[in-house]
1. Using amide H atoms built 1.01 Å from N in the peptide plane, name the residues 5+ places from residue 11, or on other chains, whose amide H lies under 5 Å from its own.
2. Specify which residue in the list 22, 73, 54 is farthest towards the positive end of the charge dipole of the chain, using unit charges on the beta carbon of Lys, Arg (+1) and Asp, Glu (-1), about the Cα centre.
3. Check cross-link reach from residue 245 to the aspartates and glutamates: straight Cα distance under 20 Å, and skip same-chain residues fewer than eight apart.
4. Roughly how tilted is helix 74-90, in degrees to the nearest 10 and between 0 and 90, from the longest Cα axis of the chain?
5. Sort out for me the Cα centre separation of the range 72-99 from the range 176-201, rounded to whole Å.
6. Using Cα pairs closer than 8 Å and at least 6 residues apart in sequence, work out the relative contact order for the range 1-93, in percent.
7. Would you look at the GNM of the chain, springs on alpha carbons closer than 10 Å, and say which of 57, 178, 126 moves the most?
8. Among 128, 148, 138, whose Cα sits farthest toward the positive end of the charge dipole of the range 110-153 (+1 at Cβ of Lys/Arg, -1 at Cβ of Asp/Glu, about the Cα centre)?
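Coordinate-derived values only; no laboratory data. Keep in mind that what you see is a predicted model, and the values were worked out from it rather than measured. Every residue, glycine among them, receives a Cβ derived from its backbone with ideal geometry; neighbour counts consider all protein chains shown.
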Amino acid sequence: MTIRLEVADFVAVVTMDNAPVNAQSMEMIHGLADAFDEISDRDDVRVAVLTGAGKCFSAGADLKNRPDVSAPGATWKRNRAVRESSYAIIECNKPVIAAVNGPALGGGLGLAASCDIIVASETAVFGLPEVDVGLMGGGKHAARILPHSMARRMMLTGWRAPAAELYRRGIIEACLPFDELMPWAMEMARSIASKSPMATRLAKDSMRTIENMTLRDGYRYEQNNTNALSKTEDSKEAIAAFKEKRAPVFQGR
């Protein structure tokens, strides 16, 4: 099993576990999609944390065990599965925190960029090394979070950006000693889990959907989600708790 899913106190921890560098084998690619699809439907999960086992987040494609794609249609099938592994995170109903414990390269950077919040250890680096192994990929994912020149520098030279540099530029939320990474991510996860599940789901839906919209269309979409949220029991509970000066008790309805 290359993907481990653990759930406690409304927080799901998804761990990529394919030693030594969590290379993305087909088993792991399918496992990621399955895990986040499951998280979308679980009422006992309000937020997820994605991390890697050991000292590497994910080094990207599994170059040592690439599947045989010589059969007609095999390339399309593989590429579709690779795309869906990141779409499952982006489209997940629940917010996802990337706890980048080590190098996030190629497809590994893509997975981190697909998450809603990114935090990394001081040992982490981010890069697109495909140019050095005769491949391409990851540019669009990188461009979602990285500046124009940095993304192209990575693609054209294979340069790896230290986590500290991404933190300095405001691209990731924190750059921490290795031992402090998961406690920070779990604290953030618990904070999100304490909010209304309906509110966080619609907030993620808004941010994901408006990303490529005009200001007018994007704001209108947010307003529609605000209207939908106002009709939920969670919204009524939040207002009542505020008036009564007490902690809200959300039911996710």
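1. Correct list: 46.
2. With unit charges placed on the Cβ atoms, the residue in question is 73.
3. 233, 234, 237
4. 30
5. Taking the Cα centre of each part, the range 72-99 and the range 176-201 sit 23 Å apart.
6. On the way: 139 pairs, mean separation 32.2, N = 93.
Relative contact order, the range 1-93: 35 percent.
7. For the chain, modelled as a Gaussian network with Cα springs under 10 Å, the answer is 178.
8. With unit charges placed on the Cβ atoms, the residue in question is 148.
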